[in-house]
1. If you check every pair at least six apart or on different chains, which have Cβ atoms under 9 Å apart with a residue in region 25-53 that is β-branched (V, I, T) first and a residue that is within 11 Å of ligand 2 (Cβ to nearest atom) second?
2. Helices (runs of 4 or more DSSP H) wholly in region 10-117 with at least 3 residues that are away from ligand 1 (no atom under 11 Å from the Cβ), within 27 Å of F232 (Cα to Cα) and within 13 Å of the chain's Cα centre (by Cα) - which ones?
3. Let me confirm something: among L113, L176, L108, which residue is of a type in the set (A, V, I, L, M, F, W, C) and more than 16 Å from ligand 2 (Cβ to nearest atom)?
4. Any idea how many residues of region 162-173 are of a type in the set (D, E, K, R) and either within 16 Å of ligand 2 (Cβ to nearest atom) or in a loop (DSSP other than H, G, I, E, B) (or both)?
5. Does N23 satisfy being of a type outside the set (D, E), away from ligand 2 (no atom under 13 Å from the Cβ), at pLDDT 95 or above and more than 13 Å from M102 (Cα to Cα)?
6. Return only the number of the condition from (1) surrounded by 15 or more Cβ atoms within 10 Å (Cβ to Cβ); (2) more than 16 Å from ligand 1 (Cβ to nearest atom); (3) under 19 Å from G13 (Cα atoms); (4) at pLDDT below 95 that L223 does not satisfy.
7. Which members of region 53-81 meet the condition of being away from ligand 2 (no atom under 15 Å from the Cβ), β-branched (V, I, T) and modelled with pLDDT of 95 or more?
Amino acid sequence: MTAKIISIAQAKGGVGKSTICANLAVTFSQSSKVLMIDCDPPQNSLSAWFAIRVNLYEDTGLHIEQAATSAQLVGLIEKNKEKYDYILIDGAPHVNAVVRTMLLLSNLIIIPLAPSSVEIWSFATFETLIEKAESLNKSLKTKICWNRVRRRVKSSEEVIDSVAKESKLTALKNQLTFRVAYMDSFAEGCSVYEWTDPVASAEIWSLSSAIKRVINKVEPVKLSKSAAVQEFIKKG
Ligand SMILES: Nc1ncnc2c1ncn2[C@@H]1O[C@H](COP(=O)(O)OP(=O)(O)O)[C@@H](O)[C@H]1O
Ligand SMILES: [Mg+2]
């Protein structure tokens, strides 16, 4: 068994990276061994969520580590990739060497995006970075995950349509809508399954199933020590 490595990455904060990471981790842990790696110091909100969760459950069924540097992340993956089925990595809200390392080490990058024009202004730069990472990591798949979607809002639909037309990246069909349950459950160390919103639970369940299908057949990633890889990690 070699762990499937999934990173939740975006150059912006507040897009839902930690929320999605936590909810996917809980879903996958129902049938698989899951390690989360929190790469967002000093906030470490995933670790804060987990600390609350530890007080709720005798056995959370999850494990968490933190990585503040590229070398720490590489070391954690090396140490744990044969021990887990899934490694879920939560990224920082900007691009740094750790985020670039995540792109090179992952089978799948989930990019949460909120469908508003302001949210996607900075997206083009991140897309260029992803393209470069894809040329260095042949096992990498990338999927946009629309989050905080408001149904029947014309401007949201227009943003989603324009990204579908203009971006080379494809989006998962499963979208997460704007629901208070995502906020409230995370603040209490829970997933949406342990909350009172069946719609949010169904959204996360469908998203997890779709992600499993995307990474079903991916090959394990080997981080090359080539000069191009080292250069990418250092400078992008
Ligand atoms: N689908 C959603 N509906 C409502 N609130 C959401 C949703 N996804 C995330 N949030 C909220 O948005 C805020 C930012 O989410 P977070 O996961 O911390 O983002 P990031 O890790 O990208 O900075 C949090 O308050 C979170 O509860
Ligand atoms: Mg976060």
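1. From region 25-53, the pairs are I37/L46; I37/D90.
2. Here the list reads 97-105.
3. Criteria check complete, one pass: L108.
4. Total satisfying the criteria: 2.
5. Answer is no for this residue.
6. All conditions are met except number (3).
7. Those that are away from ligand 2 (no atom under 15 Å from the Cβ), β-branched (V, I, T) and modelled with pLDDT of 95 or more: V54, T69, V74, I77.
Rundown of residues vs (1) within 17 Å of the chain's Cα centre (by Cα); (2) in a loop (DSSP other than H, G, I, E, B); (3) more than 15 Å from ligand 1 (Cβ to nearest atom), yes/no style:
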{"residue": "I144", "(1), (2), (3)": "yes, no, no"}
{"residue": "R151", "(1), (2), (3)": "no, yes, no"}
{"residue": "S156", "(1), (2), (3)": "no, no, no"}
{"residue": "I160", "(1), (2), (3)": "no, no, no"}
{"residue": "S185", "(1), (2), (3)": "no, no, no"}
{"residue": "V199", "(1), (2), (3)": "no, no, no"}
{"residue": "A202", "(1), (2), (3)": "no, no, no"}
{"residue": "S206", "(1), (2), (3)": "yes, no, no"}
{"residue": "I211", "(1), (2), (3)": "yes, no, yes"}
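The values are calculated or read from the model by the stated rules, or taken from the named source; none is laboratory data. Here the structure is a predicted model, which is why all the values come from computation and not from measurement. So basically every Cβ, Gly included, is an ideal-geometry build from the backbone, and we count neighbours across all protein chains shown.
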